[in-house]
Amino acid sequence: YFTFQQAIVAGFSDKNHAYHVKAGDWVKVFRGIYRLAKYPVGEREELVLWFLWSRNRSNVPQGIYSHYTALDLYELSDNMPSKLHMTVPLRFRRMAKIPEILVLHRVNLQPDEIVMKRAYKITTPLRTLIDVIGEDLLAEDLLVQAVQDAKKKGLITTHAIETSQRYPIKVVAKLLKMMEEVHE
């Protein structure tokens with residue numbers, strides 16, 4: 001996937017884009033977003049598409065996969081979200097309607113809460129668990145499983161949770177309690 005602007009930076013004339021689509025070299029996927037027609041389709045390619053969709057006027061993607069989508073990407077719990085959850089800055093604006101596949105959460109994330117994964121960004125495991133616990137919408141057994149999986153994989157530590165001071169005390173306390181209950 002690539003944007004109209006990325007094609008220009010790569011050396012394609014802005015007058016030739018329609019030609020490449022008509023010739024079948026490019027597939028127009030969304031307004032200003034294309035895919036190479038003869039390139040193999042990747043696993044979870046929709047993540048790149050919607051990441052590019054979230055770009056601002058400076059052509060910088062703003063969306064960070066988070067919440068239940070991030071749980072899925074980290075393979076924490078058996079939760080299978082039907083929509084893609086993305087955190088965008090508080091000032092994020094789109095003129096067009098937000099696609100139904102997306103659930104947007106508006107928060108200004110800190111750089112240390114974001115990880116680059118392949119061709120998109122995702123919240124860290126700790127931030128992901130904080131978000132999911134804070135929403136209190138995930139079934140308790142899936143939440144416990146997510147914390148257990150994160151601890152077993154070494155994605156979160158009690159020390160990191162205890163030293164993080166930016167999250168609500170109630171949410172941190174619940175996460176710490178769940179960490180204590182996880183048996184090695």
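Residue selection: K28 satisfies the criterion of being open to solvent by 50 Å² or more (accessible area, probe 1.4 Å) and part of a strand (DSSP E or B). Counted as qualifying within the stretch 76-165 are the strands (runs of 3 or more DSSP E) with 2 or more residues that are under 23 Å from R57 (Cβ atoms) and open to solvent by less than 90 Å² (accessible area, probe 1.4 Å), namely 84-88, 102-106, 120-123. For the stretch 38-55, the set of residues classified as modelled with pLDDT under 90 and open to solvent by less than 60 Å² (accessible area, probe 1.4 Å) consists of G42, E45, listed by residue number. Looking at the stretch 1-25, which of the residues that are in contact with a Lys or Arg (Cβ under 9 Å, 6 or more places away or on another chain) and among the hydroxyl-bearing types (S, T, Y) is surrounded by the fewest Cβ atoms within 10 Å (Cβ to Cβ)? Only one residue tops the list, namely T3. Here N59 fulfils each of the conditions (1) surrounded by fewer than 19 Cβ atoms within 10 Å (Cβ to Cβ); (2) out of contact with any helix residue (DSSP H, G or I) (no Cβ under 6 Å at 6 or more places or on another chain) apart from (2). Every condition in (1) open to solvent by less than 60 Å² (accessible area, probe 1.4 Å); (2) under 13 Å from the mean Cα position of the chain (by Cα); (3) touching a residue at least 12 places away in the same chain (Cβ under 8 Å) is met by D72 except one, and the failing one is (3).
The values are calculated or read from the model by the stated rules, or taken from the named source; none is laboratory data. Predicted model only: the values in this text are computed from it and were never measured. No Cβ is skipped: glycine too gets one built from the backbone with ideal geometry, and neighbour counts run over all protein chains shown. These area figures cover heavy atoms from the full protein model, side chains too; ligands, DNA and RNA do not enter into them. Shrake-Rupley method; radii C 1.70, N 1.55, O 1.52, S 1.80 Å.
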